[in-house]
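Have a look at the structure below, then the notes.
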Amino acid sequence: MKNEIPSVSLEQMKMVDKLMVESYQISLRQMMENAGRNLSELVVNLYPNAKNIVCIVGAGGNGAGVLVGARHLKIKGFNVSVQLVSKETSSISESVAEIFTLRKMGVSVDHVNPNWSSSDLIIEGIVGYSIKGKLKPKLATLCNDLSTSGIPIISNDIPSGVHPDDGYIDKKCIHASQTLTIALPKKGIMGKHLINVIGEIYLGNISVPSSLYSEMGIEVNSNLFKTKNVIKL
């Protein structure tokens, strides 16, 4: 299956996002919803007995998908909490709205607190594919602490600290148990030498039309997600 699915570069993925919004009128909020639903499905399949799930969230779109995942998990009956890496006021508007909803539902949303001893699972969306260079010192420390906690980690789209094109690894990047990459795999996560950083790779459906890929000259099987929204690569 992995060899049958094309991987995309950073610039290609940016174009996918741009076309989704501008040409197909599929909003970031819709993409967030799909990404978050996929995360919750993966948790149900892999960690159905997780009692305490902590979502570590950055200010951008990557974190926004994790916030939606937290909502879906709460609805499914999981005990989930959210920890924000940045000030709430610096989050994108879609995340601010989602944070409001989560609090309304009784989900704890607070600033990041490096005490995860009672957690069974961590879902992280700290830094997405827009990473530039090495992680900032505070983020590097956070990612290293998470990776050495002994708690399973699911990364949304790409482990924080890994570059989507060349897979450059900040030594203190997230070392994920599973990575749920979005739309199509990013080129930088497909190397076998990254297995201890990426973990098991899953692909999530955010409803990118096959015609959009065709416009970009990318050949993708239109039946890729015919029976499942999350597939293992």
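Annotations
- Listed by first and then second residue, the pairs with beta-carbon distance under 6 Å, at least 6 apart or on different chains, first residue in region 139-164 and touching a residue at least 60 places away in the same chain (Cβ under 8 Å) and within 20 Å of A50 (Cα to Cα), second small (G, A, S) and not in a loop (DSSP other than H, G, I, E, B), are N156/G65; N156/G125.
- Count - residues of region 163-204 that are closer than 17 Å to I123 by Cα and acidic (D, E): 1
- Condition check for I123: among the aliphatic types (A, V, I, L, M) and surrounded by 23 or more Cβ atoms within 10 Å (Cβ to Cβ): yes
- The one condition in (1) β-branched (V, I, T); (2) within 20 Å of G36 (Cβ to Cβ); (3) assigned to a loop (DSSP other than H, G, I, E, B); (4) at pLDDT 95 or above that I151 fails to fulfil: (2)
- Verdict on V80 being of a type in the set (V, I, T), within 18 Å of the chain's Cα centre (by Cα) and in a helix (DSSP H, G or I): no
- Condition met for S147 (crowded, with 21+ Cβ neighbours inside 10 Å and either closer than 17 Å to G61 by Cβ or of a type in the set (A, V, I, L, M, F, W, C) (or both)): no
- Criterion applied to D145, D166 was being out of contact with any strand residue (DSSP E or B) (no Cβ under 9 Å at 6 or more places or on another chain) and either of a type in the set (V, I, T) or part of a helix (DSSP H, G or I) (or both), and the one residue passing it is D145.
Conditions tested, residue by residue: (1) within 15 Å of the chain's Cα centre (by Cα); (2) more than 28 Å from G188 (Cα to Cα).
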| position | (1), (2) |
| --- | --- |
| G58 | yes, no |
| T101 | no, yes |
| S119 | no, yes |
| K134 | no, no |
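- In region 18-60, the qualifying residues are those that are closer than 29 Å to G217 by Cβ and without any contact (Cβ under 8 Å) to a residue 24 or more places away in the chain, and the one that is surrounded by the most Cβ atoms within 10 Å (Cβ to Cβ) is V21.
- Residues in region 61-84 that are modelled with pLDDT under 95 and either surrounded by fewer than 24 Cβ atoms within 10 Å (Cβ to Cβ) or farther than 19 Å from L142 by Cβ (or both): G61 alone.
- Pairs with Cβ under 7 Å, 6+ apart, first in region 213-233 and closer than 18 Å to M13 by Cα and of a type in the set (D, E, K, R), second surrounded by 12 or more Cβ atoms within 10 Å (Cβ to Cβ) and modelled with pLDDT under 95: E219/P6
The values are calculated or read from the model by the stated rules, or taken from the named source; none is laboratory data. Note that the structure is a prediction, hence the values are computed from the model and not measured. All Cβ positions, even for glycine, are placed from backbone atoms using ideal geometry, and neighbour counts span all protein chains on display.
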